[in-house]
Amino acid sequence: MKTTMNVKHVLLVGLCLSGTAAMAQPTLKQAGKYAQTITPADLKKHLTIVASAEMEGRETATPGEYKAAAYIIEQMKAIGLQPGNNGQWTQSYNVYRDSLTEASLEVNGSKLNLYKDFSATTANYNSHMSFGEVVYVNMEDSLWKNNKVDVSGRLVLVRMKAPAAGAGGRGFFGGPAMVVGQLQAKGAAAVLVMGDRINDGKEPVMSNMTVVKDPARQSINFFSVSDAVAAQLLGAEAAAEKSGKLQSKNIKASVHFSYHEKQITLVSNNILGFLEGTDKKMSSWW
């Protein structure tokens, strides 16, 4: 019987194996006997260790994961398991993560500061774009609701509004990704999102990990911008926009942006261990 585990998500499976793997098809009585070997004290002991600060959250492909893996392998050895991957305890595989390396934004000749005036996410793709006009979209006005605002191939400026009290979430339609998705469906080329939180840059801007080396991009590029940047674009109409009274309209402006990221390759592991069962028909499993 072979046991496969991902360290991040299935830590306790290996710790609870004990003698239960010795019989391929245990009777109910035998199952009860083996179940008695799983005690609250043991569970607490192992959980306290793998959830400790020393394991650093066991994030995939980090030193914390490797420490947790080493501990689980120790426990597998202690209960008599054998390495399940051709003599090896681990089955390694690559995971990939995108990391922001450079982002710039220039509005009407003014170069803006990353993490102060604007921020970017790794949902973007490497690009350089220039626009001579911005389409301001008020998603609550009749022009937008009646499909009278043309955003196809254009840079869009849109505001993220704070959620209503008790509503939860980060803004209307569920957050910037949802709003950008609506604009993308209408053909927008890129989006500047006002009112969303500007990343302070204290932590590296990185994507979630994936086992797909080159995942298909699903989003157009978008940047979160401060109200000060919005005012540079809107001029005297900035106050009306912030109060929700400005109708969707085209705005003459010079906007240039670039975005670049790199892909990082990391290594994660499954842990495999087994005890040979008594059912020889299943011998091919191990």
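The values are calculated or read from the model by the stated rules, or taken from the named source; none is laboratory data. Worth saying up front: this structure is predicted, and the values here are computed from it rather than measured. Cβ placement follows ideal geometry from the backbone for every residue including glycine, while neighbour counts extend to all protein chains displayed.
Here are the numbers for the structure shown:
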item: In region 91-110, the residues that are at negative phi and surrounded by fewer than 16 Cβ atoms within 10 Å (Cβ to Cβ); result: SER92, TYR93, ASN94, SER99, THR101, GLU102, GLU106, SER110
item: Count - residues of region 36-86 that are part of a loop (DSSP other than H, G, I, E, B) and on the phi < 0 side of the Ramachandran plot; result: 12
item: Residue within region 157-178 that is modelled with pLDDT of 95 or more, of a type outside the set (Asp, Glu) and touching an Asp or Glu at 6+ places or on another chain (Cβ under 8 Å) present; result: no
item: Those residues of region 89-131 which are among the small types (Gly, Ala, Ser) and free of Cβ contacts under 8 Å to residues at least 24 places away in the same chain, in sequence order; result: none
item: Residue that is more than 30 Å from PHE257 (Cβ to Cβ) and loosely packed, with under 13 Cβ neighbours inside 10 Å, where the choices are GLN88, GLN75; result: GLN88
item: Qualifying strands (runs of 3 or more DSSP E) (wholly inside region 175-278; at least 1 residues being closer than 30 Å to ALA69 by Cα); result: 249-274
item: The one condition in (1) buried (at least 17 other Cβ atoms within 10 Å of the Cβ); (2) touching a helix residue (DSSP H, G or I) at 6+ places or on another chain (Cβ under 8 Å); (3) polar (S, T, N, Q) that ASN270 fails to fulfil; result: (2)
item: Spans of strands (runs of 3 or more DSSP E) in region 108-162 with at least 1 residues hydroxyl-bearing (Ser, Thr, Tyr); result: 118-120, 127-137
item: When residues of region 138-154 are limited to those that are farther than 15 Å from PRO176 by Cα and in contact with an Asp or Glu (Cβ under 9 Å, 6 or more places away or on another chain), the one surrounded by the most Cβ atoms within 10 Å (Cβ to Cβ); result: VAL149
item: Test: residue in region 204-216 that is farther than 26 Å from THR62 by Cβ and of a type outside the set (S, T, N, Q); result: yes
item: Residue within region 230-252 that is among the β-branched types (Val, Ile, Thr) and under 14 Å from VAL158 (Cβ atoms) present; result: yes
